Structure formats: C-alpha cells, structure tokens
Amino acid sequence: MTPGVRPLVAGNWKMNGMRGSLHEASAIAGQYDWSLRRAIDLLICPPATLIAPISRQSIGSGLLTGGQDCHAAASGAHTGDLSAEMIADAGGSFVIVGHSERRADHKETDAMVRAKAEAARRARLVAIVCVGETQAEREAGKTLAVVRKQLKGSIPEGMNAATLVVAYEPVWAIGSGLTPTAADVAEVHAAIRADLKKLVGKEEGAKVRILYGGSVKPSNAAELMAVENVDGALVGGASLKAADFMGIVAVYRK
Ligand code: 13P
C-alpha cells in the first residue's frame, strides 16, 4: 500500500466469459458495497463483447469496466482491432496495454505498447501498462533490468496518476500458482516507484498505482497487498468467479 493512494483491484478475464458470465459480474457489482467503495476502485476487464453489457448492468454500482487491449489508432482499416475510443464508447474507463500475453502472442514491442497507452489517454481511458520478467530472465538475475527497460519504453511522456496505472506481472507467476516472495515484490515495486518519479515527475510518480499480478488468490492476497508500493492487484483466473474475486477484495475491508 502507498499512503494516500486509493487501491485498485482489477480483474482481467482474458479470453474467458460469455453472456452467461454476466451474472458473475452482477454478483461482483452487488458485493461492491459502500464500505468497499470508500476503500478501493474495482474494475473488470472482460472480453470486448462483454464491456457494453457489463457496463450497462453495473450503472450505479460503482463497478468499473475496461478493455484488455486497444489499437493505437482511433479508427480505420484495421480488421479485427478495437480502438480506445470504442472501449470508452462501450462504457469502459480503463484499458490494459502490454500484457505479457499480448507481448508474446502478438509480438508487441515497448514502442507499440507506448502508442497504445497514448491512445488510451487520447480516449480518456486510464492505461494499465504491464511489465514483467520471464522465468529465464529472473534466473539470469535480469529482473530489474528487464522491468525497468519495459517501463521506460512503454510509458508515454506527460502521463500522470490519473492517466496511468502500472502492473507488475512476472510472466512465470501468471496462471502457474507460483508467486514471488513478498521481499521480491517489494524490491521490484520500489524500483518501479523510483523510475516512475523520474518518468512522470516526482509528485505524480509517487501517486501512480502499481498493481501486482500473477496467481493472486484469496489465500495470498493479504500478504501481497500489504507489501510497500503494492497499490492493488491485477487478477486473472481468480477474477472469473465472484466468490474468489471478492475473497481477494475482502483484504481491503480490514
Ligand atoms: P492469473 O491471476 O491467472 O495468474 O493471471 C494474472 C494475469 O495475467 C492478470 O493480467
């Protein structure tokens, strides 16, 4: 946690969820009561087909929605792509960019991620910029170098705490059930915080939310969320079921 920074707990549904999943989203919205709303921001990034229906059914609940990726351009001949403006039009207010699955599956570079983060700002969406090392990079002792390079290359100039969130997701921790130790998370988040102060300015860099992602579940959330400079979570598998997701969120009730 960072004193004075409002935590964000975000669910990344990835390519999971059909119309039947709307009831999970509505259960999540239903449990986002006033005491939680006072404490945290709560976000679901469902598949693009569900952004509009979840946004619509969540009106008044405070539950936020967002996209999992966007194209850098606002419109044009880009078959199959989705612009940041379209996510905003569907009711979204955030967009994840540079997730390791996009970097791997679609060969996204830091420069491409940066352009997408710029597109997010243009569309008045908050960009959640993801960074994280692979297992081989960690074993080679390159974690901080990799994360810092991705951060520097992926964040546009002039971002601030209202337009940017950073998510640290070690690639080897995603979907594996493995997590770094609290000390390892603290080390990486401290490095991200220090670099953010240089990249977006001291004052804004101190307030940008830095999420941890990778095998977050109800049983480890309290320990991970208590780490210094961990301002929330980006949750994959455990965000698909309201009971699991709200079990993570429950950490902030205390
Ligand atoms: P898991 O929580 O399933 O490990 O996924 C993390 C993730 O990639 C969120 O973006």
Item checked: Tail beyond 17 Å, pair distance distribution of the range 201-241 (Cα, percent) -> 35
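Rg to Rh ratio, the range 57-122, alpha-carbon atoms and Kirkwood radius?
Details: Rg = 12.5 Å, Rh = 12.4 Å.
Rg/Rh for the range 57-122 comes to 1.00.
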Checklist line | Per-selection metrics, the chain (Cα): Rg and Dmax in Å | finding: 16.7, 49
Note to self: Filter LYS14/LYS197; LYS14/LYS198; LYS107/LYS198; LYS142/LYS241; LYS107/LYS142 down to the pairs with a C-alpha to C-alpha distance above 25 Å, please.
What the structure shows: LYS14/LYS197; LYS14/LYS198; LYS107/LYS198; LYS142/LYS241
Notebook entry, point to check: Just how large is the dipole of the chain about the Cα centre, in debye to the nearest 20, putting +1 at every Lys and Arg Cβ and -1 at every Asp and Glu Cβ?
Noted result: 400
Checklist line | 5 Å-binned pair-distance histogram of the range 1-120 (Cα, whole percent) | finding: 2, 11, 20, 21, 19, 14, 9, 3, 1, 0
Check: If you take the Cα Rg of the range 83-176 and divide it by 2.2 N^0.38 Å, with N the number of residues, what do you get?
Finding: 1.09
Next item on the list: Work out the charge dipole of the range 100-254 with +1 on the Cβ of Lys and Arg and -1 on the Cβ of Asp and Glu about the Cα centre, then indicate which of TYR252, ALA182, GLY158 is farthest towards its positive end.
Entry: GLY158
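Would you mind calculating the relative contact order of the chain from Cα pairs under 8 angstrom and at least 6 residues apart, reporting the percent as a whole number?
On the way: 541 pairs, mean separation 54.8, N = 254.
Averaging sequence separation for qualifying contacts and normalising by length gives 22 percent for the chain.
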Checklist line | For the range 175-254, the fraction of alpha-carbon pairs in successive 10 Å shells from zero, as % | finding: 19, 46, 27, 7
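Sorted from largest to smallest, which semi-axis lengths in Å does the alpha carbon gyration tensor of the range 114-229 give for its equivalent ellipsoid, taking the root of 5 times each eigenvalue? Each step should come with its number before you reach the end.
Details: eigenvalues 109, 45, 38 Å².
After scaling each eigenvalue by five and taking roots: 23, 15, 14 Å.
Since every read-out is calculated from the coordinates, none of them should be taken as a lab result. Keep in mind that what you see is a predicted model, and the values were worked out from it rather than measured. Reconstructed Cβ throughout: ideal geometry from the backbone, glycine too, with neighbour counts over all protein chains shown.
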